[in-house]
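Here's the structure, in structure tokens; my notes come after.
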């Protein structure tokens with residue numbers, strides 16, 4: 001596993017991290033034994049960066065991580081989030097609310113200091129006002145967190161956050177369906193030494209190439225109940241692409257895939273080829289998926305002409321089908 005530096009934090013993180021939304025049960029039920037197996041496999045495979053949030057399973061994801069990583073070595077870094085919990089979102093933000101949320105996260109994660117706290121897709125106007133970043137600095141001074149960043153829905157919000165010189169990272173949706181950050185964000189992030197954490201690299205699994213028109217999802221899986229944005233931002237499910245349209249687009253993207261790469265490897269290798277990217281927090285619902293994701297770190301980069309063709313396909317045939325602000 002190769003490592004990269006996360007922006008101005010100077011934290012060394014694995015190129016492939018583990019996204020832990022699924023440990024909260026939002027991709028279908030998951031018990032502690034399977035969650036433990038996934039996290040332990042990640043450790044064995046060289047993953048050193050784990051991303052979670054207080055609202056993933058109402059703290060379940062943080063608790064599962066905390067139990068497994070309680071005795072982990074110092075190079076293991078955990079990022080969590082604040083801002084979408086009951087009483088906070090959309091207008092309950094305060095320094096007291098932030099501090100209380102962090103203390104609860106510290107208890108669940110079994111850590112006195114959290115490596116990275118990220119604002120969790122909070123309203124744009126709250127970020128633009130700016131006071132919440134001062135609260136994050138206060139939490140840093142109090143020793144609750146080492147570094148702070150933001151997870152956002154749009155490039156516009158990412159640029160607002162990246163303007164803060166002490167922001168360690170921005171977490172964004174970036175994949176073959178959502179390529180706009182290449183032209184609109186990455187240069188500014190590199191200029192300001194802001195790390196890029198990529199979420200939804202496989203567009204909720206759609207870019208794995210394993211889905212078909214007969215694929216079904218559990219009732220408790222957001223790929224079922226939120227595929228049209230009925231519960232939260234539609235961009236968080238299949239990256240905002242309608243499912244059947246996504247299946248057709250995957251076929252077109254796959255034409256450019258090297259024969260010895262799986263579609264999932266291809267999609268993630270394309271992301272790692274972007275020098276602005278610090279880490280990809282790919283989710284995994286099994287130990288086998290963890291191993292497959294980690295393999296991407298050792299794959300050869302894609303040719304420049306492949307990158308050019310993929311971006312042209314995005315501009316010509318994909319971006320128009322995204323059903324949310326990007």
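Residues that are modelled with pLDDT under 95 and either outside any helix (DSSP H, G or I) or out of contact with any strand residue (DSSP E or B) (no Cβ under 8 Å at 6 or more places or on another chain) (or both) occur at least once in the stretch 165-178. I'd like to verify a number: residues in the stretch 1-35 that are in contact with a helix residue (DSSP H, G or I) (Cβ under 9 Å, 6 or more places away or on another chain) and either without any contact (Cβ under 8 Å) to a residue 24 or more places away in the chain or assigned to a helix (DSSP H, G or I) (or both), how many? Of the residues in the stretch 1-35, 8 are in contact with a helix residue (DSSP H, G or I) (Cβ under 9 Å, 6 or more places away or on another chain) and either without any contact (Cβ under 8 Å) to a residue 24 or more places away in the chain or assigned to a helix (DSSP H, G or I) (or both). Answer yes if at least one residue in the stretch 304-313 is free of Cβ contacts under 8 Å to residues at least 12 places away in the same chain, over 30 Å from residue 37 (Cα atoms) and in a loop (DSSP other than H, G, I, E, B), and no otherwise. Within the stretch 304-313 (the criterion being free of Cβ contacts under 8 Å to residues at least 12 places away in the same chain, over 30 Å from residue 37 (Cα atoms) and in a loop (DSSP other than H, G, I, E, B)), the answer is no, since none of the residues qualifies.
Among the residues of the stretch 135-160, which ones are part of a strand (DSSP E or B) and either in contact (Cβ under 8 Å) with a residue 40 or more places away in the chain or over 18 Å from residue 122 (Cα atoms) (or both)?
The answer is 145, 146, 147, 149, 151.
Only one entry of 246, 229 meets the criterion of being outside any helix (DSSP H, G or I), in contact (Cβ under 8 Å) with a residue 60 or more places away in the chain and out of contact with any strand residue (DSSP E or B) (no Cβ under 9 Å at 6 or more places or on another chain), and that entry is 229.
Restricting 157, 221 to residues that are more than 24 Å from residue 22 (Cα to Cα) and surrounded by 17 or more Cβ atoms within 10 Å (Cβ to Cβ) narrows the list to 157.
The values are calculated or read from the model by the stated rules, or taken from the named source; none is laboratory data. Everything numeric in this text was worked out from a predicted model, so none of it was measured. Note that we place each Cβ from the backbone using ideal geometry, even for glycine, and neighbour counts take in every protein chain shown.
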